[in-house]
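So the structure is just underneath, and the comments pick up after that.
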Amino acid sequence: MRSRLSHDIKAEAQRLGFFACGIAQATAVEETTAHSFREWLAQGYHAEMHYMENHLDKRLDPRLLMNGLKSIVCVALGYAPQQRIPDTEYQIAAYAYGHDYHDIVKEKLHALATFITTRTDESFQYRAFSDSAPVLERYWAVQAGLGWIGRHHQLIIPHAGSMFFLGELFLDIDLEYDQPIENRCGTCRRCIDACPTGALTASSSPNHTSDLHNDEDHVLTSLQGFDAERCLSYQTIENRGDIPSTLAMKMGQTIYGCDRCLLACPWNRFAKPTQEPKLQPNEELLNMTKEQWNHLTEDDYRRLFKGSAVKRAKYSGLMRNIQAVNDNLETPRHEND
């Protein structure tokens with residue numbers, strides 16, 4: 001019964017458009033990862049994202065988020081774009097091209113839960129999440145056998161890459177559980193070398209250099225080796241203050257997010273363009289020129305990014321980012337300055 005239901009859940013997840021689906025047994029996060037996460041917080045590498053400190057007990061034991069939780073169904077929805085903004089124009093991270101992924105993934109997860117009611121006589125409770133609760137999403141995706149965590153701290157799915165949104169369906173029923181797969185990054189450090197600000201390191205501490213071979217366990221399970229404050233995605237999306245000039249000068253033409261570590265990852269050469277209609281960019285976004293961006297009004301912003309993840313940066317944040325990029329174009333600097 002458990003095997004058949006697990007198989008049916010995965011088949012339905014694929015029908016709903018998810019690229020991958022796996023199932024993990026709900027337990028406390030293993031202690032090595034829990035310790036590493038606590039240490040990362042204690043060292044302040046989460047910058048001003050203080051929400052990551054909240055509900056730490058639930059983040060490290062998902063059973064505290066839902067009574068009777070037994071199974072975590074993990075899914076991945078690809079977002080590699082079919083079309084890209086021309087290289088000559090300002091850029092935004094590919095994940096934000098379409099509609100807000102939180103809503104898309106959760107809508108599909110609720111549909112998956114509805115499907116489960118047709119495949120079991122048991123009554124059950126569930127909760128659906130997509131970057132919307134204190135859940136270590138990549139950790140659970142690893143536990144569910146979807147892939148491994150690369151040195152860019154994104155989940156890598158073999159022969160598919162790392163351009164995926166993740167989601168979880170919490171269930172209070174027993175299922176057949178998948179097993180983690182081995183980390184296949186080897187000695188590759190292309191993402192680290194591609195990071196323009198040094199936000200990524202190959203060590204267990206952003207201020208310490210260690211041999212790559214000794215770092216595999218950290219790469220698999222933790223955030224060690226990632227300094228959020230130096231990350232351009234953090235600075236252009238989460239940061240509400242001024243972007244430090246030493247980081248702003250590394251933004252290139254990107255006004256929202258940063259995809260450089262993803263574009264450098266060799267596994268992403270396998271990425272297939274998403275077929276999800278709601279993740280496709282609208283023509284207005286694809287055709288935006290620098291002049292239009294520079295004269296973007298708040299009404300334009302609201303229309304252009306209605307239902308988009310870009311709204312997280314707010315209008316003021318996006319215009320701050322555009323000004324920073326303009327400053328770079330007016331005063332060219334060497335990338336290694």
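The values are calculated or read from the model by the stated rules, or taken from the named source; none is laboratory data. Quick caveat: nothing in here was measured; it's all calculated off a predicted structure. We place every Cβ from the backbone using ideal geometry, glycine too, and count neighbours over all the protein chains shown. What goes into the accessible areas is simple: the full protein's heavy atoms, side chains included, and nothing from ligands, DNA or RNA. Shrake-Rupley method; radii C 1.70, N 1.55, O 1.52, S 1.80 Å.
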If one takes the longest principal axis of the Cα atoms in the chain, at what angle in degrees, from 0 to 90 and to the nearest 10, does the Cα axis of helix 314-330 lie? 50 degrees
Nearest 10 degrees, 0 to 90: helix 31-42 Cα axis against the chain principal axis: 30 degrees
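Ordered by packing density, taken as the mean number of other Cβ atoms within 10 Å over each peptide's residues, highest first, how do 6-12, 84-90 rank? Walk me through the numbers on the way to the answer.
Values: 6-12: 17.7, 84-90: 13.6.
Going from most to least packed, we get 6-12, 84-90.
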Quick one: compute the contact order of the range 97-179, relative version, from alpha carbon pairs under 8 angstrom and 6+ residues apart, as a percent. 35 percent
Please compute the Kirkwood hydrodynamic radius over the range 59-196, one decimal place, Å, based on all pairs of different Cα atoms. 16.8 Å
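Would you tally the net charge around Val73, using a Cβ to Cβ cut-off of less than 14 Å, leaving Val73 out, and scoring K and R as +1, D and E as -1? Could the numbers behind the result be given before it?
Numbers: positive: Arg2, Lys10, Lys70, Lys106, Lys108, Arg119, Arg127; negative: Asp8, Glu12, Glu137, Glu168, Asp172, Asp174, Glu176, Asp178.
Value of the local net charge: -1.
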Peptide ranges 146-158, 19-31 listed from the most packed, as the mean C-beta count within 10 angstrom indicates: 146-158, 19-31
Degrees separating the helix 2-15 axis from the principal Cα axis of the chain, which is the longest one: 30 degrees
Heavy atoms of Ser3: accessible area, 1.4 Å probe, square angstrom to 10: 60 Å²
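If you restrict to DSSP beta bridges whose two residues both lie in the chain, what percentage is antiparallel, to the nearest 5? Mind showing how you got there, number by number?
Values: 23 of 25 bridges.
Counting only bridges with both partners in the chain, antiparallel ones make up about 90 percent.
Over the range 219-295, what relative contact order in percent results from Cα pairs under 8 Å that are six or more residues apart?
So the answer I get is 21 percent.
Using only alpha carbon pairs under 8 Å that are at least six residues apart, calculate the relative contact order of the chain and give it in whole percent. Intermediate values should be presented prior to the final figure.
Numbers: 571 pairs, mean separation 78.9, N = 337.
RCO, the chain: 23 percent.
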In whole angstrom, how far apart do the alpha carbon centroids of the range 1-57 and the range 126-165 sit? 7 Å
So what is the accessible area of the chain per residue, in Å², with the probe set to 1.4 Å? 47 Å²
Quick one: grab the alpha carbon gyration tensor of the range 21-98, order the square roots of its eigenvalues as a ≥ b ≥ c, and give me rounded if a/c is under 1.5, else prolate or oblate depending on whether a/b is larger than b/c. oblate
Cα centre as origin, Lys/Arg/Asp/Glu Cβ charges: the chain dipole, Debye: 540 debye
